[in-house]
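Structure record follows, encoded as structure tokens.
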Amino acid sequence: MSEDLKNVEEMGNWFDESESFKDIREHEVVEGTVIQVNRDEAYVDIGYKQEIAIPKKELAYPEPESAEDVVKAGDVIKVYIQSLGGENGGVLSKIKADNEVVWDELRSIKAHNEDPEVEDLQTVDAHINGVVKGGLTATVNGLRGFIPASQMELHFVKDLSSYVGQTVQALPIEIESHKRRLVLSRRQLLERERKIKQQEIFGTLHEGDIIKGTVKRLVDYGAFIDVGGVDGLAHISDLSWERVNHPSDVLKVGEELDVYVKNVDPETHRISLSVKQTQRDPWLDKAEGYREGDLIEGKIVKLAKFGAFMEIEPGFDGLIPMGELSDRRIENADEAVAVGDIVRVKVLRIDLKRKRISLSINRARREANNANVKRYQPKVETETETKPEVAVAVEEAAPVEE
């Protein structure tokens, strides 16, 4: 081969190599083949003029004990080109390439979820690492993310520490890879799930139904109870027939129980529930022990403008109307009785529907007086019939027969 032809061939080879180099740029992710691995590094061929070593600290996080724990010869991996040239051929990072792949996947997921025609949302696994001001830190495939406190649940959570260590499903809502900023939301996913469940539940739920529920959350004014994936509210007055100071007195989170559906409002997505209406009212059981006309004793427990309330037995009161407190005209109940007085009354009326019992001190006194009169009259008559002086007088007045 002539010298000229040899030079032409070498130049052609140089152009061919240049063509292969021109698509390799710094700050890009490319594929490479692992050629050789030792404890401290892996040599990767990315189509450059020489293989480039990747130190083990750039192969995985946390740093492995040996590069051989991460890759082996023949593996095809993605690497991020931090720089090219120099004695070592350049600087590569598998960690940053993996991160760039994750960023791309996150952007793809976010775009998918923002499509209004999409029905199934794509989620990511977010491992909760810790609590910071305003929310939680989380890791998504090696990337650090942030979940604002307002985006963790459908309701406000005062203490977020219980989530640390958990892995939850979340949606990427803000992505700025150049700033390494990733914001996630679990709430938006829960809202979507709730909406689907609401459509199912509100289509089948009716007022008057008795269904199973699970206590999800207790607040001062009642309990939120899950009924098939949708929360309904049982007001504190609907938790028990007895007086309840706080829902925790009668319920606990996670408890399963029967609930009565009081109201269903599909427009506002509200469900009103009652726990006590699934149970028999103990007032009715107590009322069955009494009859109209019974004479009973009890303690005055409260005075009102219209009369006085008497405790018949614990948790079971009756009303003595103003006109039944005294046989004389009075303006106020305290003119006849005082709280703590033990009085005897007659049961006038038992209204099971309205759960009211009317009592009377006046009529109890009248009956007691009538009973005393009846007991006294027969005694007088008997004594008159058997009195010796009367018998002698009658005998002496009788005519003597000849």
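The values are calculated or read from the model by the stated rules, or taken from the named source; none is laboratory data. Just so we're clear, the structure is a prediction, and the values are computed from it rather than from any experiment. Positions of Cβ are generated from backbone atoms using ideal geometry, with glycine treated the same way; all protein chains shown enter the neighbour counts.
Among the residues of segment 41-65, those identified as of a type in the set (D, E, K, R), assigned to a loop (DSSP other than H, G, I, E, B) and closer than 17 Å to Glu87 by Cβ are Lys49, Glu51.
Among the residues of segment 175-210, those identified as more than 28 Å from Asp265 (Cα to Cα) and either loosely packed, with under 15 Cβ neighbours inside 10 Å or modelled with pLDDT under 95 (or both) are Glu176, Ser177, His178, Lys179, Arg180, Arg181. Taking segment 254-290, which residues are over 19 Å from the mean Cα position of the chain (by Cα), free of Cβ contacts under 8 Å to residues at least 24 places away in the same chain and more than 18 Å from Ser240 (Cα to Cα)? Correct list: Asp265, Glu267, Glu288, Gly289. Can you tell me which residues in segment 114-155 are touching a helix residue (DSSP H, G or I) at 6+ places or on another chain (Cβ under 8 Å), surrounded by fewer than 17 Cβ atoms within 10 Å (Cβ to Cβ) and closer than 27 Å to Leu218 by Cβ? Val131, Gly134, Ser150, Glu153, Leu154, listed by residue number. Restricting segment 108-127 to residues that are polar (S, T, N, Q) and outside any helix (DSSP H, G or I), the residue that is farthest from the chain's Cα centre (by Cα) is Gln122. Residues that are aliphatic (A, V, I, L, M) and outside any loop (DSSP other than H, G, I, E, B) within segment 235-274 comprise Ile236, Leu257, Val259, Val261, Val264, Ile271, Leu273, listed in sequence order.
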